[in-house]
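Novice: I'd like to ask you about the structure that follows.
The values are calculated or read from the model by the stated rules, or taken from the named source; none is laboratory data. Bear in mind the structure is a predicted one, so any value in this text is a computation, not a measurement. Cβ placement follows ideal geometry from the backbone for every residue including glycine, while neighbour counts extend to all protein chains displayed. Surface accessibility is based on the protein's heavy atoms, side chains included, excluding ligands, DNA and RNA. Shrake-Rupley method; radii C 1.70, N 1.55, O 1.52, S 1.80 Å.
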Amino acid sequence: MKSYKNRTPLVAIYPRLSDEDRFKKEGDESESIINQKNMLIKYASDQGWNIYDIYCDEDYSGADRDRPEFNRLLKDAEERKFDIVLCKSQSRFTREIKIVEDIIHEKFLLWGIRFVSIVDHADTEDPYNKKQRQVNGLVNEWFLEDTSINIRKVFDHKKREGIHIGSFAVYGYKKDPEHKGHLIIDEEAAQVVRLVFQLFVDGMGKTAIARYLNEKGIPNPSEYKRQQGLRFKINGGSCGHLWKYFSISNMLTNEMYIGNMVQSRQKNLSYKCRKKVMIPKEDWVIVPNTHEPIIDIDLWNRAQKLIQLKSKAFDTTGKIGLFSKKVKCLNCGYTMRAAKYHDERYLRCSSRFYDKKSCSGSMISEKRLSNYILNEIHKLAKEFLDKDELERKLELEDKTKTKLDENKKLLELYHKQIDKCKTSIKQVYLDKLNGVIQSIDLDEIISDFEKEQMKYEKLATDVLVNIEKIENQKEESTSKQQLIEQYSNVQELTRDMVVTLIDYIEIGSRKKGTRIRPIVIHWNF
């Protein structure tokens with residue numbers, strides 16, 4: 001721990017409010033946050049500490065690792081901009097035992113940062129306080145898990161009752177201020193929904209509808225929510241405000257517009273992670289006739305019938321496209337879609353069709369892209385099968401094995417030292433019981449052994465990380481070689497090969513005055 005005895009320490013104050021008030025309007029600040037700040041500022045003042053900065057996260061769970069101010073605090077801590085982190089309680093900083101260990105007990109120690117929480121008396125400057133902090137971490141995590149399970153049960157029940165529990169109402173509706181969980185029509189947005197359905201049944205394609213709405217200056221659903229003062233995150237960069245093919249496509253198949261409540265289309269990976277995964281349609285919770293429809297059933301049925309007809313027209317073979325959802329525009333990041341021109345299939349960025357200013361557009365024939373990828377696969381295969389390269393790899397494997405053996409021997413040595421420390425601590429207690437040592441010496445002796453044990457535990461952890469890294473690199477190298485060799489003699493690219501070998505591909509615009517077009521392949525290895 002770095003010393004600040006000759007100066008006044010700088011303290012970083014971290015208040016956090018969980019996401020129960022997530023949808024307050026911008027500028028609001030809850031009483032809870034105000035109270036936390038006042039408590040922490042007063043405590044710092046009473047201790048004679050100077051405040052470096054206040055890092056305040058509102059509407060974020062204690063298990064959320066993407067808290068913006070939390071991560072800013074960690075960055076500043078690593079740069080040693082302050083000496084102390086001060087919270088109301090350890091659970092305000094985190095409810096995860098893993099973060100307690102990784103950040104509070106390791107990184108803060110490494111960076112010379114002291115962690116203090118007022119309510120539960122956590123303080124890393126006190127060596128005997130560590131077990132209490134670990135117990136607090138476990139209790140906080142158990143609380144988080146139990147709360148998550150209970151909340152999910154309540155939400156599942158409400159969904160089956162047809163009660164809307166989403167953060168935001170679907171575009172075209174708004175939350176009923178007089179009846180919680182009920183939706184009412186937002187007439188301004190509903191007019192756009194009706195227009196989209198009518199244009200579609202009148203024969204206009206989805207891309208053409210998106211372009212038409214953009215030309216009319218009508219904000220897309222995300223931008224519309226933002227304009228209404230809702231704290232809605234907009235993705236897509238410079239094109240995030242535009243209507244696109246998929247926003248029209250999703251609207252045309254959303255049963256919410258005929259009065260059915262559709263929920264549970266996706267879920268969080270876990271209570272610790274906000275990343276969402278899609279749920280199969282058969283597992284969606286759909287409750288009919290829960291709110292007033294925007295689209296009458298006749299118009300809906302006509303649109304669905306037309307969607308089925310168009311689907312059959314575009315996919316006569318029933319096969320998914322060779323590069324379906326695998327190719328992105330290098331300019332704007334939008335997923336490129338297949339199109340046919342003079343009996344040849346092309347992939348093109350559709351952003352420029354939605355708004356001419358949004359993207360210069362990228363385009364490439366499937367045949368040319370397929371040939372390019374095959375050529376790259378053959379190059380990789382040749383590299384792996386090259387005699388000199390094989391000899392180099394064998395030499396590298398020998399070095400890797402030697403390095404792995406060395407780390408395993410070190411790990412065994414450190415574990416022996418840890419066991420010795422544990423045995424010594426037990427012996428000290430026995431000596432105390434037998435009157436060999438005095439009570440006054442007990443704490444100091446045990447503290448020395450615990451410090452020694454901590455040192456070897458840290459060294460053992462570092463070695464374990466090295467071993468895992470070496471083994472992963474070895475496994476990845478072997479898997480990559482086997483994967484490439486499997487396809488070394490192929491003459492035709494298949495969908496299975498694209499999915500197996502490629503994460504995604506980026507296509508840029510053709511360079512002026514040339515036929516050169518940037519192609520970036522992101523492999524799965």
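Novice: Can you tell me how many residues within region 511-525 are surrounded by 15 or more Cβ atoms within 10 Å (Cβ to Cβ) and over 33 Å from the mean Cα position of the chain (by Cα)?
Specialist: Number satisfying all stated conditions: 0.
Novice: Can you give me the number of residues within region 473-501 that are buried (at least 17 other Cβ atoms within 10 Å of the Cβ) and modelled with pLDDT of 75 or more?
Specialist: Residues meeting the conditions: 4.
Novice: OK, next. Quick one: Lys357 ticks every box in (1) of a type in the set (Lys, Arg); (2) assigned to a strand (DSSP E or B); (3) at pLDDT below 75 bar one, so which box is it?
Specialist: (2)
Novice: In addition: Taking region 297-330 as the region of interest, how many residues are in a loop (DSSP other than H, G, I, E, B), open to solvent by 90 Å² or more (accessible area, probe 1.4 Å) and either touching a strand residue (DSSP E or B) at 6+ places or on another chain (Cβ under 9 Å) or at pLDDT 85 or above (or both)?
Specialist: Within region 297-330, the first condition is being in a loop (DSSP other than H, G, I, E, B), and the residues that meet it are 315-326, 330.
So of that shortlist, the ones also open to solvent by 90 Å² or more (accessible area, probe 1.4 Å) come out as 316-317, 319-320, 325.
Subsequent filtering for residues that are either touching a strand residue (DSSP E or B) at 6+ places or on another chain (Cβ under 9 Å) or at pLDDT 85 or above (or both) retains 325.
Residues in region 297-330 being in a loop (DSSP other than H, G, I, E, B), open to solvent by 90 Å² or more (accessible area, probe 1.4 Å) and either touching a strand residue (DSSP E or B) at 6+ places or on another chain (Cβ under 9 Å) or at pLDDT 85 or above (or both): 1 in total.
Novice: Find all pairs meeting these conditions: Cβ atoms under 6 angstrom apart; at least six residues apart or on different chains; first residue within region 413-434 and open to solvent by 40 Å² or more (accessible area, probe 1.4 Å); second residue part of a helix (DSSP H, G or I) and at pLDDT 75 or above.
Specialist: Within 6 Å, the pairs are Gln417/Tyr456.
Novice: Which members of region 57-87 meet the condition of being within 20 Å of Glu106 (Cβ to Cβ), open to solvent by 30 Å² or more (accessible area, probe 1.4 Å) and in a helix (DSSP H, G or I)? Break it down into steps so the answer makes sense when it comes.
Specialist: At the first step, the residues of region 57-87 found to be within 20 Å of Glu106 (Cβ to Cβ) are 62-63, 65, 67, 70-87.
Next cut, open to solvent by 30 Å² or more (accessible area, probe 1.4 Å) only: 65, 71-72, 75, 78-81.
Asn71, Arg72, Lys75, Glu78 - these are the residues of region 57-87 that are within 20 Å of Glu106 (Cβ to Cβ), open to solvent by 30 Å² or more (accessible area, probe 1.4 Å) and in a helix (DSSP H, G or I).
Novice: Please go through (1) under 32 Å from the mean Cα position of the chain (by Cα); (2) modelled with pLDDT under 85; (3) open to solvent by 70 Å² or more (accessible area, probe 1.4 Å) for Asp202 and return the number of the only condition it doesn't satisfy.
Specialist: The one condition Asp202 does not meet is (1).
Novice: Which ones in region 170-203 are out of contact with any Asp or Glu (no Cβ under 8 Å at 6 or more places or on another chain) and aliphatic (A, V, I, L, M)?
Specialist: Once the filter is applied, which keeps residues that are out of contact with any Asp or Glu (no Cβ under 8 Å at 6 or more places or on another chain) and aliphatic (A, V, I, L, M), region 170-203 yields Val170, Ala189, Ala190, Val192, Val193, Leu195, Val196, Leu199, Val201.
Novice: Do any residues in region 98-113 that are closer than 13 Å to Glu79 by Cα have Cβ atoms under 7 Å from those of residues that are modelled with pLDDT under 80, where the two are at least six apart or on different chains, and which pairs are they?
Specialist: Matching pairs, first to second residue: Gly112/Met1; Gly112/Lys2.
Novice: Another question about this same structure. Looking at (1) closer than 20 Å to Leu252 by Cβ; (2) at pLDDT below 90; (3) surrounded by fewer than 18 Cβ atoms within 10 Å (Cβ to Cβ), which is the one condition that is false for Asn150?
Specialist: The failed condition is (1).
Novice: Let me ask something else about it. Only one of (1) over 30 Å from Lys225 (Cβ atoms); (2) open to solvent by less than 40 Å² (accessible area, probe 1.4 Å); (3) in a helix (DSSP H, G or I); (4) at pLDDT 90 or above is not met by Ile99, so which one is it?
Specialist: (4)
Novice: So the check is Cβ under 8 Å with 6+ separation or different chains; which pairs have a first residue in region 176-190 that's at positive phi and a second one that's assigned to a loop (DSSP other than H, G, I, E, B) and hydrophobic (A, V, I, L, M, F, W, C)?
Specialist: Matching pairs, first to second residue: Gly181/Ile163; Gly181/Ile165.
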